[in-house]
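Comments concern the structure below.
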């Protein structure tokens, strides 16, 4: 289990992080290369970019679950994806054109 108090300094702030238990096995970088990177000098992985899409979030969760030493943690924050909805009013005078935007 990863501990927030042992979070590596290279991590981008946000929900996911890698702590000092990392053994540089490359599982997280293989699973989610857009979100994890390697510190070549010290030989460990860290969160380069927090997930910004549902797919990236899913891959970060997969990396967290696959980590053999449980060095990936999440701070418990909720990841929220919002959808934009468009409403069309049907109350309009007769013969008036309505433009629907995508």
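The values are calculated or read from the model by the stated rules, or taken from the named source; none is laboratory data. Remember, it's a predicted structure, so these values are computed and weren't measured experimentally. Quick reminder, even Gly has a Cβ in these numbers, built from the backbone with ideal geometry, and neighbours come from all protein chains shown.
For region 63-87, name all the residues that are modelled with pLDDT under 95 and under 15 Å from the mean Cα position of the chain (by Cα).
74, 75, 76, 77, 78, 79, 80, 81, 82
Going by what's in this entry, would residue 60 be described as surrounded by 10 or more Cβ atoms within 10 Å (Cβ to Cβ), modelled with pLDDT of 95 or more, part of a helix (DSSP H, G or I) and at negative phi? Let's see the steps before the verdict.
Numbers: surrounded by 10 or more Cβ atoms within 10 Å (Cβ to Cβ): yes; modelled with pLDDT of 95 or more: yes; part of a helix (DSSP H, G or I): yes; at negative phi: yes.
Spelling it out, residue 60 is indeed surrounded by 10 or more Cβ atoms within 10 Å (Cβ to Cβ), modelled with pLDDT of 95 or more, part of a helix (DSSP H, G or I) and at negative phi.
Tell me which residues, restricted to region 10-31, are touching a residue at least 40 places away in the same chain (Cβ under 8 Å), in a loop (DSSP other than H, G, I, E, B), crowded, with 16+ Cβ neighbours inside 10 Å and more than 15 Å from the chain's Cα centre (by Cα).
Scanning region 10-31 gives 21, 22.
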